[in-house]
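Following: one structure in structure tokens, then a few remarks.
The values are calculated or read from the model by the stated rules, or taken from the named source; none is laboratory data. Here the structure is a predicted model, which is why all the values come from computation and not from measurement. Cβ: placed from backbone, ideal geometry, glycine included. Neighbour counts: every protein chain shown. Accessible surface is based on the protein model in full, side chains and every heavy atom, while ligands, DNA and RNA are left aside. Shrake-Rupley method; radii C 1.70, N 1.55, O 1.52, S 1.80 Å.
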Amino acid sequence: KKIKRMNNRRKLLWRVSEQKKAIMTQARNVMGGGFLNKPATKVSRVTPSPVKKIQQDAGKLQRQTQCQHIFRAPVTRAWFPTSGSQAYRSEMARCMKEKGRNSYGPDILGLRLGMSEKKARSVMQRQRFSSRASTDDPRPFHDATLQWTRDDTHGIALYYLYSGGEKRLAAVSRRLYFDNKNTRIDQVRDGLRKKYGKESQASASGTLLWVGKGKSGTRSCKRLEKKLAERTDWSRKWKAPRVRGSQSMSTGSAQSVSQACMSKYGFKPGMMPGAGTFDISKMMGLQQCMSQQAGKMIPGSSGRKQRATMMIAKEGAPQDYQKFASCGPVIIASQHNDASGKLTDVSLVLFDPAWLAELPAYLFKQSGSTGDIQF
């Protein structure tokens, strides 16, 4: 590596030396009368600035390195084009020409589309999130992370795409659960309208949609709601909190469970388990019995339900979002109620259909195909 760096340095010094010679030759020609025969504007076009040429070469090399990084571990996935293939060369050419994005549009907790990963992390550090997870299948994005609070009621997922060789925030999904809270939907809607203004569209199911600033929002934009799906394939599971307080078993119920299980495994009432002859199999059976019976008596204690974030589905194609390009960036707010009609949670999703329409087809999951398998 040292030899390679030395050779690169020598090549750069040689190039600078050659450019200096060209400048000196040009200067001698001007001093010898060439200035009267060749206009200065013509000379400036023929001989570019050496410093500018070096900067251009350095920028091109940096962009090439950034684009190659996308197709190498740990960024690359099984469905990415393999190095050396025609698809790989096409993607490299597209990446080299692509212009980088800056942050734009509305925000969710200060997170805007086009924001750099470093900036997004800085914003998230100011929030009270304690757990973090990743995913092996973030399609149609390059990468994604999920974070949630200690009480398991508030989660937010960030989805990234490489733009101009740099990782940029391409979508945000926030979900709020109202466990044991009598939160009304009109309170939530008032808060959303105070932040984003009056919604552009509202569906019969109660979903609200805001389109890009200054855009009228065609009727077709509300069909983007059908593009959303729950995402649960995270490296760590975000689950509902454990049942506590008023939902726990009463003292009498606990005693009845304990007596029934002790009788089943031959323990006399009032006898301490483990007293007398110790039988490990009976002790394990007793513990299992009490755990199972308690699970039947405590609502929701038999298993903590996994929680999910909403985001556009993995399946599809770039052309599916081309017809919605004029809608973005969009914010979709959807609500969910339980059987009694009580509000259980609210989901907010921010993305730009125009950006998705520019993506390569391999980033989307093809249903019923073997596109994920490398033969």
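If you take the residues in the stretch 93-106 that are of a type outside the set (S, T, N, Q) and free of Cβ contacts under 8 Å to residues at least 24 places away in the same chain, which one is surrounded by the fewest Cβ atoms within 10 Å (Cβ to Cβ)? Only one residue tops the list, namely K97. Considering the conditions (1) part of a loop (DSSP other than H, G, I, E, B); (2) open to solvent by 40 Å² or more (accessible area, probe 1.4 Å); (3) over 23 Å from I156 (Cβ atoms); (4) touching a residue at least 60 places away in the same chain (Cβ under 8 Å), T76 is excluded by exactly one of them, (4). Which one is nearest to R242 (Cα to Cα), of the residues in the stretch 135-169 that are open to solvent by 50 Å² or more (accessible area, probe 1.4 Å) and in contact with a strand residue (DSSP E or B) (Cβ under 8 Å, 6 or more places away or on another chain)? Applying the filter and picking the extreme gives R150. The listed residues are S256, S246, and the only one of them that is modelled with pLDDT under 75, in a helix (DSSP H, G or I) and exposed (fewer than 13 other Cβ atoms within 10 Å of the Cβ) turns out to be S246. Of the residues contained in the stretch 300-314, one or more are found to be at pLDDT 75 or above, closer than 30 Å to P360 by Cα and among the polar types (S, T, N, Q).
Among the residues making up the stretch 322-342, those that are under 28 Å from A361 (Cα atoms) and free of Cβ contacts under 8 Å to residues at least 60 places away in the same chain are Q322, A325.
Every condition in (1) open to solvent by less than 30 Å² (accessible area, probe 1.4 Å); (2) assigned to a strand (DSSP E or B); (3) not hydroxyl-bearing (S, T, Y) is met by L192 except one, and the failing one is (2).
Here the stretch 331-375 is the region considered, the condition is being small (G, A, S) and either within 17 Å of the chain's Cα centre (by Cα) or exposed (fewer than 12 other Cβ atoms within 10 Å of the Cβ) (or both), and the residue that is modelled with the highest pLDDT is S347.
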